[in-house]
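Enquirer: Have a look at this one.
Bear in mind these aren't lab numbers, they're just calculated from the coordinates by the rules spelled out. Here the structure is a predicted model, which is why all the values come from computation and not from measurement. Cβ atoms come from the backbone with ideal geometry, glycine included; neighbour counts cover every protein chain shown.
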Amino acid sequence: MHLIDYSLIVAYVALLFLLGFIKRLGRDSSASQMIVGGRMLTLPAFVASLVSTNYGGILGVGEYSYQFGVSNWLVFGLPYYLSAFLFAVFLAKRARKSEVLTIPDRLAQVYDNKTAAAGSVIIYLMTVPAAYILMLGVLGEQLFGWPFWAGILAGSAASIVYVYLGGFNSVVRTDLLQFGLMFIGFAVLLVVLVTDYGGFSFLTQNLPEAHLTWHGGNSGKYIATWYVIALATLIEPAFYQRCYAAKSASVARSGIFISIACWAFFDFMTTSCGLYARAILPELADPLSSYPALAREVLPAGLLGLFALGLLATVMSTVDSYSFLAASTFGNDIMRRLGNIREDQITRYTRLGLVISSVLAIIWALFFRSVVGIWHAFGSIGTPALLVPVFFAFVGKRRLPARAALWSIISSGAVSTGWYISKYFGVSGDYWLGLEPIFPGLVLSLGIYLFMAREPLESLPKPR
């Protein structure tokens, strides 16, 4: 990278801090102001924030498309569009009209505080942004030549300092900038690739045959697993938080439909760039670094810095959002229910949760070193534990009794966890019975619902 590239990045960080620090939260700020910005999110801000937040796994997309080609679209694209569509149809308006702040608030509203506390712990673990912190470390290595740990620490600090002071509104303001940069960065790279190397004919001549097949060399069972994991969108805290924060229920639903179109276009660009990376750099040692390695290979000074901004913006928008989600879960849900704190202490404990979740994310990032591996692990355990109790807390007439909902969360999560770790203790090196861990937990949770759900009371109690 050259001086002009570094100058662009310095300007980006300065602008990020300016946007993040425009309006700070006071000590007397309410939980609603801290967590959902006073419920004033407009349609453009809703779309920019949701799209940028939900696409932070950009290096994981590069890792997968480099290894398995166009099947990336069938694994990390289509199943998530379908799940987002289901969310928009069944959940978006109901979530906004519920007038709660978090998913556990709804669990308390429909079931009880014990169920909400159990859900809070799982949501907290699912929102700790380990995968995205890991990507900041890789970007630090690839773009600046920093040690992995230095990229993690610097990227984490830059992503959360303004959130600490400004809360959800700071996340949204910076997301507007990051939304534009992520699209500009990949558009620039793709145009240069097509201009310099040619289009589809170049790819067909230089890619392994499997890279242009729907499966990419993976089994149908493996791909089907990701369609089930994508159902985690129905319990995705980032979706709920933005619906809770929307100005109206119609903004929430329309915003998700528009976001799906934005993700589809962005997926076209990212998958295409991943294919070019494999064709141009077939011997790359670490597929996780395919995008930055490709950019260094083909982009001149200035454009390299612009693409680096696109990568940084894509990842940092998710780091700050998920760090804040984990923090608000810690302050509003875990500490309020298990620590018995007062309403006026939620902002203070949310900020404490921001620090704790960042430290935990750094530790996990150093342990896993695979973005796809982190997604698979936490999606396989958290989804079966929460999907049924959360979905039917909004949809349908039948509800689980409070005790059944609590045990559904605990038992389904425990079964999937046991199934997950069986791979590391078994002789065969595979999961028990060859089943992915998400399936037994999900079957158990559905079974509990089918046998124990009954008609709810006419009116639900207020969240506590």
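Enquirer: Given segment 309-464 reduced to its alpha-carbon atoms as identical point scatterers, what log10 I(q)/I(0) does the Debye formula return at q = 0.13, 0.20 Å⁻¹?
Expert: -0.84, -1.26
Enquirer: How large is log10 I(q)/I(0) at q = 0.08, 0.13 Å⁻¹ when the Debye formula is applied to the Cα atoms of the chain, each weighted equally and without solvent?
Expert: Evaluating at q = 0.08, 0.13 Å⁻¹ gives log10 I(q)/I(0) of -0.44, -1.21.
Enquirer: Now a separate question. For segment 327-404, which trypsin sites (Lys or Arg not before Pro) pass both filters: DSSP loop (anything but H, G, I, E, B) and at most 16 other C-beta atoms within 10 Å? Mind showing how you got there, number by number?
Expert: Details: sites: ARG336, ARG337, ARG342, ARG348, ARG351, ARG369, LYS397, ARG398, ARG399, ARG403; in loops: ARG342, ARG369, LYS397, ARG398.
Taking segment 327-404 and a limit of 16 other Cβ atoms within 10 Å, the loop trypsin sites (Lys or Arg not before Pro) found are ARG342, ARG369, LYS397, ARG398.
Enquirer: Given the C-alpha centroids of segment 226-242 and segment 306-357, what is the distance between them in whole angstrom?
Expert: 18
Enquirer: A follow-up question, please. Compute the Kirkwood hydrodynamic radius of segment 256-309, taking the inverse of the mean of 1/r over all pairs of distinct Cα atoms, and give it in Å to one decimal.
Expert: Hydrodynamic radius (Kirkwood, Cα only) of segment 256-309 equals 12.3 Å.
Enquirer: Taking the Cα atoms only, what angle lies between the long axis of helix 371-394 and the longest principal axis of the chain, rounded to 10 degrees?
Expert: So the inclination is approximately 30 degrees.
Enquirer: Oh, and also: Mean separation of Cα pairs under 8 Å and 6+ residues apart, divided by the residue count of segment 3-371: what relative contact order is that in percent? List each step's numbers first, then the result.
Expert: Details: 594 pairs, mean separation 146.6, N = 369.
Once normalised by length, the contact order is 40 percent.
Enquirer: Averaging the inverse of every distinct alpha carbon separation and then flipping it gives the Kirkwood radius. What is it for segment 89-185, in angstrom units? It would help to have the intermediate numbers written out before the result.
Expert: Numbers: mean 1/r = 0.0613 Å⁻¹.
The Cα-based Kirkwood calculation yields 16.3 Å.
Enquirer: Given DSSP loops and a limit of at most 15 other Cβ atoms within 10 Å, what is the longest stretch of the chain that contains no such GluC sites (Glu not before Pro)?
Expert: Values: sites that count: GLU99, GLU283, GLU458.
Between exposed loop sites, the widest span is 100-282.
Enquirer: Report, in debye and to the nearest 20, how large the dipole of the chain comes out about its Cα centre when Lys and Arg carry +1 and Asp and Glu carry -1 on their Cβ. Before the final figure, lay out each step's value.
Expert: On the way: 31 positive and 23 negative charges, 394 e Å.
So the dipole magnitude of the chain works out to roughly 1900 debye.
Enquirer: For segment 276-359, what is the charge dipole size about the Cα centre, in debye to the nearest 20, if Lys and Arg each add +1 at the Cβ and Asp and Glu each add -1 at the Cβ?
Expert: On the way: 7 positive and 7 negative charges, 62 e Å.
Rounded to the nearest 20 debye, it is 300 debye.
Enquirer: Let me ask something else about it. Mind jotting down a quarter of the surface of the convex hull over the alpha carbons of segment 1-91, in square nanometres, one decimal? Walk me through the numbers on the way to the answer.
Expert: Numbers: hull surface 37.8 nm².
The orientation-averaged projected area of the Cα hull of segment 1-91 comes to 9.5 nm².
Enquirer: For the pairs LYS23/LYS247; LYS247/LYS397; LYS93/LYS423, flag any whose C-alpha to C-alpha distance is greater than 30 Å. Don't skip to the answer; put the middle values down first.
Expert: Working: LYS23/LYS247 19 Å; LYS247/LYS397 27 Å; LYS93/LYS423 40 Å.
LYS93/LYS423, as the Cα separations exceed 30 Å there.
Enquirer: Please list the non-local residues whose amide H lies under 5 Å from the amide H of LEU41, H modeled 1.01 Å from N, same-chain partners needing a gap of 5 or more.
Expert: ALA246, LYS247
Enquirer: Restricting things to alpha carbons, find the Rg to Rh ratio for segment 194-352 using the Kirkwood radius for Rh.
Expert: Working: Rg = 21.1 Å, Rh = 19.6 Å.
A ratio of 1.07.
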